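Every read-out reported here was derived from the displayed coordinates using simple, explicitly stated rules and does not represent laboratory data. Treat the numbers as computed from the prediction; the structure is a model and nothing was measured. Every residue, glycine as well, gets a Cβ built from its backbone with ideal geometry; the counts of neighbours run over all protein chains shown.
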């Protein structure tokens with residue numbers, strides 16, 4: 001049976017050595033009173049225990065049983081409801097939530113590592129709580145005080161859950177085309193009517209209420225995305241004394257039968273004049289919903305890291321035990337007929353690729369968490385603005401690059417197992433299926449690439465890009481020229497040069513942005529990982545223990561075998577759009 005153990009040593013290395021999180025928390029007054037190194041360590045230890053003992057044991061059984069739909073009701077797999085009850089009682093849904101309404105107020109640097117544990121242990125289970133946490137974030141940022149006081153405490157407690165209702169069958173990612181409508185009621189509420197699809201956790205039996213955040217259009221709304229408003233629509237109406245009242249007119253019409261995450265309910269939701277309340281201002285719902293969407297984009301990126309870590313752990317264990325063929329340099333186990341496959345070069349290539357990408361992604365996610373904490377809690381306006389700019393620039397990279405490389409790593413893990421990787425009981429084929437969705441939902445990775453290149457880099461003449469480039473150069477000025485800093489500087493030079501070239505080319509060829517965006521995002525991703533690996537390597541280089549030596553060796557592998565992928569990506573970007581349009585549509 002596959003096992004999962006949270007990579008606590010690596011997480012502590014990032015928090016305490018690479019990013020010095022305790023020092024950051026102490027200089028941010030709102031965090032200084034809530035957390036220090038000891039509290040963070042205790043949270044990680046307990047989270048690791050929850051992921052290992054409560055959540056991970058339900059992963060395979062949940063996949064095999066799946067969720068069931070019967071006459072509008074959804075039943076989660078055996079054990080999920082009890083586990084979610086324990087999970088909610090522990091306060092995990094509100095880990096980073098507003099303490100004013102019962103959240104724990106922990107920093108994002110910590111919560112992003114917690115989310116990785118949950119995804120690594122059981123991606124289907126994790127989705128229920130991450131959707132709730134994201135809904136809480138949007139409600140806290142944009143809803144009225146009355147709505148926050150009514151809904152947030154029970155959601156943070158895990159008694160009520162949240163969902164995000166955006167997509168409609170005819171619209172997909174083009175939200176300006178949605179048809180769900182909101183008619184004003186005399187009491188200030190609205191009657192919401194329409195159908196939403198692909199709604200994660202839209203119906204389930206884990207909680208007594210579900211709070212849907214729904215995009216809809218008012219009767220006099222402008223056309224397109226400028227006419228979208230956001231509404232809070234509870235599954236069960238809430239009385240003035242916080243008790244539950246009548247069932248609202250919102251029901252699950254069906255559930256999707258999916259390739260993976262089979263224990264996560266993906267629902268078709270029908271709103272038939274359901275009572276809802278406006279969140280934020282009329283016709284500005286998309287901006288409000290982006291608070292939740294950007295949270296979920298980083299979270300789904302972390303799903304890629306979590307699944308990859310699970311795959312890596314089990315692939316390493318298998319490679320150490322599986323005997324097959326002799327080592328290239330001669331037998332290593334003379335008392336056995338064969339050597340463990342971990343001695344073979346191609347197996348090592350796959351394992352090191354998994355290790356380098358996963359640990360690089362974990363570092364990048366923690367780095368983004370750092371800037372989210374600064375953007376939220378710093379009392380220095382210029383510092384907040386700088387971190388907000390970095391988060392805006394790097395979030396699409398996190399969502400797309402984490403999940404693209406997460407799938408690559410899970411496939412490598414499956415390959416290490418050979419034929420056993422294709423068989424269900426070893427767990428690798430489930431991880432491949434579960435991680436695959438992460439490239440699709442919360443905006444496909446192609447859309448993330450367009451957002452990065454079109455909106456975050458080119459639209460502002462590279463202003464956000466320069467914030468990142470200046471930070472990397474400042475780091476390079478503090479370290480000696482060595483095997484890590486020199487190629488990092490070269491990679492950054494190449495990225496800067498290519499970015500400037502694209503600024504010039506897109507002014508004459510409007511097709512270029514869409515044609516090269518994905519390759520550009522990957523190029524940026526490998527360069528960002530090179531920055532992370534340089535920072536980790538320079539922390540590790542002064543130590544001689546096994547952990548730090550392993551970190552240094554992995555950094556060397558990344559620079560030798562993975563960063564050179566940038567050369568082919570640069571060629572692809574420079575090829576532009578021409579080769580994409582040599583065929584007529586009829587010739588495909």
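How many angstrom separate the Cα center of region 331-388 from the Cα center of region 61-85?
Distance between centres, Cα-based: 33 Å.
Set the Förster radius R0 to 56 Å, insert the Cβ-Cβ distance between residue 420 and residue 272 as r into 1/(1 + (r/R0)^6), and round the FRET efficiency to 0.05.
Efficiency, from the Cβ-Cβ distance: 0.70.
Distance between Cα centroids, region 553-572 to region 190-206: provide it in whole Å.
Between the Cα centres of region 553-572 and region 190-206 lies a distance of 43 Å.
I'm checking a number: the convex hull volume of the Cα atoms of the chain, normalised per residue, in Å³. What is it? Provide the component values of the computation, followed by the final result.
On the way: hull volume 102.3 nm³, N = 588.
About 174 Å³ per residue, rounded to a whole number.
At a 10 Å Cβ-Cβ cut-off, how would you order 323, 452, 244, fewest neighbours first?
On the way: 323 11, 452 28, 244 16.
Ranking 323, 452, 244 by Cβ neighbours within 10 Å, fewest first, gives 323, 244, 452.
Can you give the FRET efficiency to the nearest 0.05 for residue 320 and residue 575, using r as the Cβ-Cβ distance and R₀ = 51 Å? Present the calculation step by step, with values, prior to reporting the outcome.
Values: r = 43 Å, r/R0 = 0.84.
Once rounded, the FRET efficiency stands at 0.75.
What are the principal axis extents of the Cα atoms in region 3-130, in Å, biggest first?
53, 34, 17
What's the ranking of 362-370, 501-509 by average number of surrounding C-beta atoms within 10 Å, highest first? Don't skip to the answer; put the middle values down first.
Values: 362-370: 24.2, 501-509: 14.1.
Packing proxy ranking, top to bottom: 362-370, 501-509.
So, by mean Cβ neighbours within 10 angstrom, what's the order for 436-443, 466-473 with the highest one leading?
Details: 436-443: 21.5, 466-473: 16.5.
Result, highest mean first: 436-443, 466-473.
Evaluate the distance, in nm, between pseudo-label points positioned 7 Å from the Cα of residue 287 and of residue 177 along their respective Cα→Cβ axes.
Going from the residue 287 label point to the residue 177 one covers 2.6 nm.
Report the extension gain between residue 49 and residue 346 in nm, rounded to one decimal, defined as 0.36 nm multiplied by the number of residues separating them, less their alpha carbon distance. Write out the running numbers ahead of the final one.
Details: separation 297, 0.36 × 297 = 106.92 nm, distance 3.39 nm.
Stretched out fully, the residue 49 to residue 346 stretch lengthens by 103.5 nm.
Where in region 449-473 does the amide nitrogen come within less than 19 Å of the point 7 Å from the Cα of residue 500, taken along Cα to Cβ?
Counting only backbone N, you get 457-473.
For 493, 451, 38, 140, what ranking results if the residue with the fewest other Cβ atoms within 10 Å of its Cβ goes first?
Numbers: 493 13, 451 23, 38 9, 140 20.
Result, fewest neighbours first: 38, 493, 140, 451.
Return the FRET efficiency for the residue pair residue 384, residue 444: r is the Cβ-Cβ distance, R0 is 41 Å, and the value is rounded to the nearest 0.05. Working shown, then result.
Details: r = 31 Å, r/R0 = 0.74.
Using R0 = 41 Å, I get an efficiency of 0.85.
So how do 63, 241, 205, 545 line up by other beta-carbon neighbours within 10 Å, fewest first?
Ordered from fewest to most neighbouring Cβ atoms within 10 Å, 63, 241, 205, 545 come out as 241, 545, 205, 63.
Find how many whole Å separate the alpha carbon centroid of region 431-460 from the alpha carbon centroid of region 462-527.
18 Å
Say each of residue 475 and residue 17 gets a label point 7 Å from the Cα, pointing the same way as Cα to Cβ; how far apart are those two points in nm?
Distance between label points: 1.6 nm.
Calculate the spin-label point distance for residue 549 paired with residue 259, positioning each point 7 Å from the Cα along the beta-carbon direction, and give it in nanometres.
Here the answer is 4.2 nm between the modelled labels.
What is the extension gain from residue 36 to residue 146, computed as 0.36 nm multiplied by their sequence separation minus the C-alpha to C-alpha distance, in nm to one decimal? Display every interim value, and only then the final one.
Working: separation 110, 0.36 × 110 = 39.60 nm, distance 3.27 nm.
Taking 0.36 nm per residue and subtracting the Cα distance, the gain is 36.3 nm.
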